[in-house]
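Just below is one structure, and these are the notes that go with it.
The values are calculated or read from the model by the stated rules, or taken from the named source; none is laboratory data. Note that the structure is predicted; figures quoted are calculated from it, not measured. Here the Cβ positions follow ideal geometry from the backbone for every residue, glycine too, while neighbour counts run over all protein chains shown. Only protein heavy atoms, including side chains, enter the accessible area calculation; ligands, DNA and RNA are left aside. Shrake-Rupley method; radii C 1.70, N 1.55, O 1.52, S 1.80 Å.
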Amino acid sequence: MSSIHRLCRFEQLEDPGSRGFSVELEGDTQEILVVRKGERVYGYLNRCPHTGINLEWQPDQFLDLSQSYIQCVTHGALFRVEDGLCLRGPCAGDALSPIQVELRDGEIVAILDTLSGA
Ligand code: FES
């Protein structure tokens, strides 16, 4: 089963741009991030595959200076926006955990798997 979480309006994300969210799922808080690139939005768990900590230092700042890659600020790993693959850094070859995000009536929603259904 899955549960649907409204995150924000699409136009609230710059292009390119990113935002972080905390969503409640079955009594746990899941930290997630979304990135807009053009007319598409990508979503991942906010967890670096290197050590498992959050990626950002400043709220909603997940992109590198070039605004081309998702960056982990702790050791500088760079992840491809489109699939979360780490291209450079201590976890090169690993990837961020994707989450399903969709646009619904101009709103970005996250669809998260649940164990029990919601
Ligand atoms: S914790 Fe993310 S690159 Fe080391």
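Using alpha-carbon pairs under 8 Å, 6+ residues apart, how would you state the relative contact order of the chain in percent? Computed value for the chain: 30 percent relative contact order. Comparing mean-square fluctuations of 18, 97, 66 from a GNM of the chain with C-alpha springs under 10 Å, the top value falls on 66.
The GluC sites (Glu not before Pro) of the range 1-69 meeting both criteria, a DSSP state outside H, G, I, E and B (loop) and at most 11 other C-beta atoms within 10 angstrom of the site's C-beta, are 39. Springs join every pair of Cα atoms under 10 Å in this Gaussian network model of the chain, and among 89, 38, 76 the largest mean-square fluctuation is at 38. The accessible surface of the chain, taken with every protein chain in place and a 1.4 Å probe, is 45 percent carbon and sulfur. Taking the empirical scaling 2.2 N^0.38 Å for compact globular proteins as reference, the chain has a Cα radius of gyration ratio of 1.02. The charge dipole of the range 2-113, taken about the Cα centre with unit charges on the Cβ atoms of Lys, Arg (+1) and Asp, Glu (-1), comes to about 260 debye, rounded to the nearest 20.
One Cα centroid belongs to the range 38-103, the other to the range 3-23; the line between them spans 15 Å. For the range 68-118, the solvent-accessible area with a 1.4 angstrom probe is 52 square angstrom per residue.
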